[in-house]
Structures are given as C-alpha cells and as structure tokens.
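Peer 1: Quick one: structure below, then a few questions.
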Amino acid sequence: MIFDVSIDATINAAVNGTMTTNLAQHGWAGLQTLAAMFPLQPPVASSIAGDIDRLYYLLTVITLFFTALIFSIIFYFMVKYRRRSNDDRPPDIHGSLVLELAWTIIPSLICVVIFVWSSSLYIRAYHPPANAAEVFVIGKQWMWHLQHTEGPREINALHVPVGVPVKLTMTSQDVIHGFYVPAFRVKKDVLPGRYTSFWFEATEAGTYHLFCTEFCGTSHTEMIGWVYAMPPREYAEWLANNENDEPMAQQGERIFNHYTCNYCHVPDGSGRGPSLVGIFGKPEKLSNGQSPVVDEDLIRRALMEPNSVPVEGFAPIMPTFKGQFTEEQILQLIAYVKSLGSQERANAK
Amino acid sequence: MSTATIDLHEAPAESSTNYLNATYGMKSWLLTLDHKRIGMLYLGTITLMFLVGGIAAVLMRLNLLEPQGALVEPDTYNKLFSIHGILMVFFFLVPSIPATLGNFLIPLMIGARDVAFPRLNLMSWYVFITGCAFVLYAVMAGGVDTGWTFYPPFSSSYSHSHVVAAALGIFIAGFSSILTGLNFIVTIHKMRAPGMTWFRLPLFIWAMYATSLIFVLGTPVIAVTLLLLGAERLLHVGIFDPAIGGDPLLFQHLFWFYSHPAVYIMILPGMGVISELITAFSRKKIFGYSFVAFSSLAIAIISFVVWGHHMFVTGQSIYAGLVFSVLSFVVAIPSAVKVFNWTATLYKGSISYEAPMLYALGFIGLFTMGGLTGLFLASLATDIHLNSTYFIVAHFHYVMVGGAVMAFLGGIHYWWPKITGRMYPDLWARFAAFVIFIGFNLTFFPQFMLGYLGMPRRYGIYPEEFQVLNVMSSAGASILAVGYVIPLVYFFWSWNYGPPAGPNPWGATGLEWETASPPPTENFEHTPIVTEEPYNYPTAEVASE
C-alpha cells in the first residue's frame, strides 16, 4: 500500500517534472500512513508522561550505546583476531585491574544517576497533591466500577477534566486487578481488602485506553475501557448531565444513619464512640499506645475488625460490620467521614 | 601423564568400552548410578517438556495474529500461557544446564569418578519426573489458568482449573533441585582431583556452585509457598485471600523471594558455559578469572535481596520500592562485569567460528540487550509504565531465551562430541544458530515496542493498533521454531551416523577433554593430577621458548 503510493509518486513526478514537490507531499502522506499503522509512542497525555518518556529515552540511548559498543568490539575482534593458522599463539593475558575497576565504576555511576532521577518521578507519581479531585474505583471480575465524589457512577469508563489533578482510590471485590492508562504512563494494582491509590493530571483532551494489567481470569482481556479527558467546561457539563446520583458523602451519611452509627459516634464526642468530625488525615490515639493516621484503610479496618482499632478513652464495644456492606457502601462511608473533616475545617474558617 | 594440559596426543585413544556401551537395556539406564547417564535421562526429559511448552507458545503466537484472537477461546489462551510459563520455567530452564550438562560435566571437569552421592542423584531424577507427571496430568485433565506466578486470591479461591496438581508438580520437582544442588556442593567441595584448587576450577564449576547455593537456599521457600497456597485452596485456611483473613501481597513476597533468585538459577549456568566456549574458541585464558568467578557468587547472594522489584506497582510501600530499586541496580553490575570480561577475552585471541562459538557470541549480544532493558524495570518510574506489559515479556525472553537457551544450545553443541563420541554437521549447526538468532530477534524485539505502546501481557485479545507488531512477532516465532527443530534432526542423525569425534575435537583445555569420547564409565583410567591453571592454552611466550 505504502510502497504503491511512493511508486506512483515517483512515476507521476517523472512525468510531470515536478518531482520534488510531489515527492514531498506523497512522502509525507506515506509517512503518516506508516505512523498510523506502526505507532512508536503511545499518546503523551498526562503531566508525568513526558517526564517518564524522557527517562525512557535516556535509558534507550544507554542501551543502544552499550549494545552497539559490545557488538562492534566483538565484530572487530572476530575479524581482526580470526584464527589464521592452527599454530596461532595468542599472548598470555590474565586481566587488568584498571579495566575491571573502570567497567565496574562507570556503569555504577550511570545507575546512580538513573536511580535518583527515576525515584524522584516515582515518589511524585504516588504522592497525590492535596487539592486532587477524587474518584473511587472498584474492580471486579470483569469490569471497572467508578464513582466520582460528586456522585456520578461509571462502568469501564472514566471522565476526567484536563488540567486538574485526579486521585484514584481503588479496591477490588474479588481478585487482584491492575489499573493502567498507557497514555498517562500510570499504573497501580487494585487489591481486595485494602486501598491503593495514585494520581494523574491529564494534559491533552482525548480518549485513551484503560487496561487491566493483573491477570484476573477468563475475561481479563475484556476488563478494559476508556478514559475521556475533557476540557474543564465540557467536563462540568458532563457532571451536570449525570446528577441523578447524589454526592458520595450524602449517600454515606444515609448509610451512617441507617445503621445507627450516629447513636454512638456523636459529633461533640459525648457518645459511646469517638466523634468522627475532623479525624481524617490526622493521627488518632489508640489504647494500645499507637497513633496511626486515619486513612481509608484505617476506617475500613475499624468497620471490619473494630477491636484492632481501640480508640483511647472508649470501651471496645463496637460490633463488626464485616459482610454487611458492599465495597461501594464502604467507600461512601469513607467519603462521608472525609467530608466531616472538611466541614469542620470550613467552619473553622 | 594425566595432567591438565591440552596436548592432544596425550589423551587416550577412543576406548572400546564407554559409559554408553558398558551395559545395555532399559533397566541399565533406569537404574544407572552413572552421573553421565543420569544427565542423559534429564536431557531427554527436559527436551520433552520444552517441546510441550514450545507447542503452547506456537499456539499463542498463532492466536495473536488477529486482534480478536485467531484460534482459541479466552479460557484456552489463558491456559496456554500458564502451561508455557510453568513448563518452561520450572521444568525446562531451571533444570536445563545444571541437571544435564552439570551432571555430565562436574565430575569430569574436577577429575572425579562420579558425584558425591550417586544414588541421591538418580533419586533426584525420579523425583523430577514425578513432578513432570503431576504437571502433565494437570495439562491433560484440562489445564491450569493462573499464569506461572499463581497469584492468589485468584489461584486459591477463584480459578476453576487444576491449580493443585500443577502446584504439587512444581513442589515435587523442587526437591529434585534441592537434592541436585546439595549433591553438587558436596561434590565440588570434596571430590576435586589432587591439585585441583579452587582457582584452578573451570568457571563452569564456579557457576554451578553459585547455582547450587540458590537451589539449596531458595527452593524450600517456593515449596512452602505452594504448600500454603494448596492449604488455602483445599482447606480454606486464610493465608493469602483477604476474604478469609489473608494477605495477597504476602504470597508475592514469598513467591518472588524464590523466583527472582530462580532467574539466576537459569542464567548463571549459562554464563558458566559461555566462559568455557569463549576461551576454547579463542584459545585464550579468560580475562579476569577471579572477577568472573566472584561475580557469579555476588550475583547469587545479591539475587536474594531484589525480589521486591517485581512489586513496584502492586501496593508495596514507596520506601520498599526505593530500597529494592537500588539493590536491583547493584545486581546488574556483576553481570555487566562478566560481559566486559568475555569481550576482553577475545582480544588478541585465535578465534574460530564453529557452531558453539556462534551461540556464545549470540548469547553475549542478546544477554547484553536483555540485561540493559532490565535497567528500564529496575528504574522505578519507567517500571510504572512498563510493568505487566509486553516490555517485560520481551526483557525476560532476551535473558531467558536469548541468554539461557542460547547458552544451553551452545553447551550441548560444544560437549556433544564428548557426550556421544560423534560429530554433527557443523555447517547445519551454524545455519541453525543463524536461523535461531534471526527468528529470536524478530519474535521478541517487536515486543519491546508493544510494551512501550502499552499492550499488557497475558492478553489473547488486543486493540487493533497492536496488530502489525504482533504479526511480526508471530512470524519471528515460526522462524524460531524451525531453528529449534533443525538441531533435533541433525543430533538424531549424529547419534547414529555421526563421524567419530576423538577425545578433543576442539583442541580445548580441561580435564573432560583428556579422557575418551564418550568417556569410560569410571571417567578416567587414572586419577588426574592437576598442575596448571584453567584455560592454559599455549601462548606466544611459550612458543618462543
């Protein structure tokens, strides 16, 4: 196909005598066809993608350099020192300390540079900024359930605004899955029984692949979807058109009251359980002497195994809620507890 | 008379009785205590396992010709890649060089009559084929679909396939590794011929020693891990599945604590083979003997503390990620040192290009690429993107196939005359080496590109834009398959009709070349006495004397 195009171009050009312009045009078209058939780079669509690519290209250059170096030395030696006679007597060479040190130290130094650079990117990829918008993800055989804090739910699709950091908090209902958006160069495994998270900031509007990357059974290859990165205004419209779901915190509050959690967890702290207002993200003193920071996993643990999180000053009388909530409801309860913190902060201001 | 010199005329002429014709009949093979025959038994067994695993790979590559899957249902595809991985890793690569060439050569190279525990050696083989039987049963009964990594809770609570039979097969075969490793360690410590000091050992022996250490120290961990997996699957004891109180990451820690060192079980023996081939075909001492020898030990030791680099995106803490990243860069250095030393060995050598040397040079090139692409994955940020994609698949096939299998084939071609007493057609062998090199690169190089583009591994169905590269890869696989069949044909021919090889067809040093081909059952007529360093080829200085 491509070759046809260029042959035509050459013949036409020869006939018309406008060789250069025609070749340039057809050559460019051919290149574009080739690029579409044979992509060399995934879309670069997040704030970290370009940085990871630069490191990738450095590593590619290092790989090509050393491969070429070794290959050319071997070829040179193969030709230069080929056996000319069975009586060849090579010189008696045992080794060279200088060379050994050189080819130990130089690669080590290169490794140090790569390590420092890549580690700083890694830390950035897994430390979401404080102002990130939140989306909650539940993986299950074989689909992705997502819910935005504002309420809209999605299946195998994720709509995000361009230019806004988005944090995903993820868990699985069954086996291990992996959430991967190649265009954003981000990936994290999604585990049952705990939360993992990462963040990204889309920089280019577009539609990008979402893949499951941890083998999860029969339809693993169908546990895929699309990420729609939209300009903020379009995203706001999309949110407005999907407002049949109320915000997650409100849904969580309804569950909270329905299960009478509010009887004990009274906001002013006078109940039989500790107040939950403003606890999220702060250390909580436990009667066993530890002071863990309250995060998603701790709230989950307090629901499932309350006795493993005995808050100082309160009797360990909370019953377990294991098996009573769906993963989605637990996430909504977490969103509610989080919102209690931000309400308090808002009131303080 | 039996010293470690290479004078061809000093070696005894082909003896009339050797280990192959000393006794006849099925029973004489199945009850043999001869390390050479046991090595042959292993060679037959792992060749069979390689063929079954290879057929699975061919079916996978056929399926991937079309984005929607050209051949099989998703469940079947999942079973194909699981079986391919399990057979190739645990039943071919792990035992490949140690159990065949290691068994055959260790006593010959150190000037011993046999390994330290011949009965244990035979038992190891029986243990191994019992493991093979369990895994082949799992394949026949309907397959297993967990991938070779068996990640729970999928493998323990969700998979409907024959997980327990396959895991039990690996568990049993593991004991064969442990017993073989133990046997080799004792043999190398206690059975060396007079004068065979540690620094006169061929580097193949150093590599086998390092491998044996990993066999003995690492294999029990995978055995326990698979036992726990079986307990959870059969008895519902909550160990890995969070729904019953377990921790899925615990499995990954335990699994990779063995399986990363296992990568070096697969590549270290290959490195040992390459050191022998490069020296023999350039007629030179190895450049930097002690650096090559100690880098094997360094790799064996450091390999035990890098397992976490398989878990950079699985939910392990960021700090653990940083530590494992540093250690993974550290383990790359001794491998680089080896590559540089092999290259330097060629300098001013007298290089010839028989088939084994072509495999050795192919190994250096492909292993260099496999090793360097490992840096992309030791580096945390690029690993986020490349982990679980085809980049990983390409990387470890460059190391495992481009490295370990090339070295295995190079070793088999190099020692075939010693093993059988016969030559094979060198032209065909060179041709096969060339076909394998081309086929290999065409199969696996496109997979680096697929991985960077974001195609996940273990996908039997994929988006259309990945098709061109997948078709290239499948085309390469068909060439590679042809390349693997050619040696099978001429080795069969050679076994029956090959011209006699003589004791030392390559003019190589080493005790194994000083006895007849094939060697007599007792290996040496007299215990050899070693007075020289290894690879003591005649040098210019000697010639001028």
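The values are calculated or read from the model by the stated rules, or taken from the named source; none is laboratory data. None of the values given here were measured: they were computed from a predicted structure. As a convention, Cβ positions derive from the backbone with ideal geometry for all residues, glycine included, and neighbour counts pool all protein chains shown.
Peer 1: Could you tell me which residue of the stretch B:350-366 is farthest from B:Gly483 (Cα to Cα), considering only residues that are assigned to a loop (DSSP other than H, G, I, E, B) and touching a strand residue (DSSP E or B) at 6+ places or on another chain (Cβ under 9 Å)?
Peer 2: Restricting to residues being assigned to a loop (DSSP other than H, G, I, E, B) and touching a strand residue (DSSP E or B) at 6+ places or on another chain (Cβ under 9 Å), the top hit is B:Ser350.
Peer 1: A further question follows. Step by step: first the residues of the stretch A:82-123, then only those that are facing chain B (nearest Cβ under 7 Å) and small (Gly, Ala, Ser), then the one that is nearest to B:Ala280 (Cα to Cα). Which residue is that?
Peer 2: Among those residues, the one meeting the criterion is A:Gly95.
Peer 1: I've got another one for you. Among the listed residues B:Leu217, B:Leu213, B:Leu277, B:Leu228, identify the single one that is more than 13 Å from chain A (Cβ to nearest Cβ), outside any loop (DSSP other than H, G, I, E, B), of a type in the set (A, V, I, L, M) and surrounded by 24 or more Cβ atoms within 10 Å (Cβ to Cβ).
Peer 2: B:Leu277 is the lone residue from the list that is more than 13 Å from chain A (Cβ to nearest Cβ), outside any loop (DSSP other than H, G, I, E, B), of a type in the set (A, V, I, L, M) and surrounded by 24 or more Cβ atoms within 10 Å (Cβ to Cβ).
Peer 1: What helices (runs of 4 or more DSSP H), lying completely within the stretch A:230-349, carry at least 2 residues that are more than 24 Å from A:Phe200 (Cα to Cα)?
Peer 2: The qualifying helices (runs of 4 or more DSSP H) are A:248-258, A:261-264, A:296-304, A:327-348.
Peer 1: Identify, from the list B:Phe448, B:Phe440, B:Phe491, the residue that is away from chain A (no Cβ under 14 Å), under 24 Å from the mean Cα position of the chain (by Cα) and within 30 Å of A:Ile52 (Cβ to Cβ).
Peer 2: One residue alone meets the criteria, B:Phe440.
Peer 1: Determine, yes or no, whether B:Val292 is over 24 Å from B:Phe440 (Cβ atoms), surrounded by fewer than 23 Cβ atoms within 10 Å (Cβ to Cβ) and among the β-branched types (Val, Ile, Thr).
Peer 2: Spelling it out, it is not the case that B:Val292 is over 24 Å from B:Phe440 (Cβ atoms), surrounded by fewer than 23 Cβ atoms within 10 Å (Cβ to Cβ) and among the β-branched types (Val, Ile, Thr).
Peer 1: Another question about this same structure. Could you list, in sequence order, the residues of the stretch A:153-171 that are outside any strand (DSSP E or B) and over 18 Å from A:Pro231 (Cα atoms)?
Peer 2: Within the stretch A:153-171, A:Asn156 is the sole residue that qualifies.
Peer 1: If you don't mind, there's one more thing I want to ask. May I ask you to list the residues in the stretch A:72-94 that are under 55 Å from the mean Cα position of the chain (by Cα), hydroxyl-bearing (Ser, Thr, Tyr) and more than 13 Å from B:Lys284 (Cα to Cα)?
Peer 2: A:Ser72, A:Tyr76
Peer 1: Another one. In the stretch B:350-370, which residue that is more than 9 Å from every other protein chain (Cβ to nearest Cβ) and out of contact with any Leu (no Cβ under 8 Å at 6 or more places or on another chain) is nearest to A:Arg83 (Cα to Cα)?
Peer 2: B:Glu354
Peer 1: Restricted to the stretch A:203-222, and to residues that are in a loop (DSSP other than H, G, I, E, B) and within 10 Å of chain B (Cβ to nearest Cβ), which residue is farthest from the chain's Cα centre (by Cα)?
Peer 2: A:Thr218
Peer 1: I've got another one for you. How about the stretch B:68-114: which of its residues are of a type in the set (Gly, Ala, Ser) and buried (at least 24 other Cβ atoms within 10 Å of the Cβ)?
Peer 2: Of everything in the stretch B:68-114, those that are of a type in the set (Gly, Ala, Ser) and buried (at least 24 other Cβ atoms within 10 Å of the Cβ) turn out to be B:Ser82, B:Ser96, B:Ala99, B:Gly102, B:Gly111.
Peer 1: All but one of (1) closer than 29 Å to B:Val393 by Cα; (2) surrounded by 18 or more Cβ atoms within 10 Å (Cβ to Cβ) hold for B:Leu203; which doesn't?
Peer 2: Every listed condition holds for B:Leu203 apart from (1).
Peer 1: Looking at (1) at positive phi; (2) in a helix (DSSP H, G or I), which is the only condition B:Glu465 fails?
Peer 2: Looking at each condition in turn, B:Glu465 falls short on (1).
Peer 1: Restricting the first residue to the stretch B:37-58 and requiring it to be in a helix (DSSP H, G or I), which pairs with a second residue that is of a type in the set (Ser, Thr, Tyr) meet a Cβ separation below 7 Å and a spacing of at least six or different chains?
Peer 2: B:Arg37/B:Tyr19; B:Ile38/B:Thr32; B:Gly39/B:Thr100; B:Tyr42/B:Thr100; B:Leu43/B:Thr100; B:Ile46/B:Ser96; B:Ile46/B:Thr100; B:Gly54/B:Tyr484
Peer 1: Okay, next question. Against the definition (over 13 Å from the mean Cα position of the chain (by Cα), among the aromatic types (Phe, Trp, Tyr), crowded, with 24+ Cβ neighbours inside 10 Å and not in a loop (DSSP other than H, G, I, E, B)), how does B:Phe251 come out, yes or no?
Peer 2: So B:Phe251 fits the description; yes.
Peer 1: Another question about this same structure. Can you tell me which residue is nearest to B:Met266 (Cα to Cα) among those in the stretch B:160-190 that are within 14 Å of chain A (Cβ to nearest Cβ) and surrounded by fewer than 23 Cβ atoms within 10 Å (Cβ to Cβ)?
Peer 2: B:Ser161
Peer 1: Test A:Phe200 against the criterion of being part of a strand (DSSP E or B), in the same structural domain as A:Met143 (by TED's automatic domain parsing), in contact with a helix residue (DSSP H, G or I) (Cβ under 6 Å, 6 or more places away or on another chain) and surrounded by 21 or more Cβ atoms within 10 Å (Cβ to Cβ), and give yes or no.
Peer 2: yes
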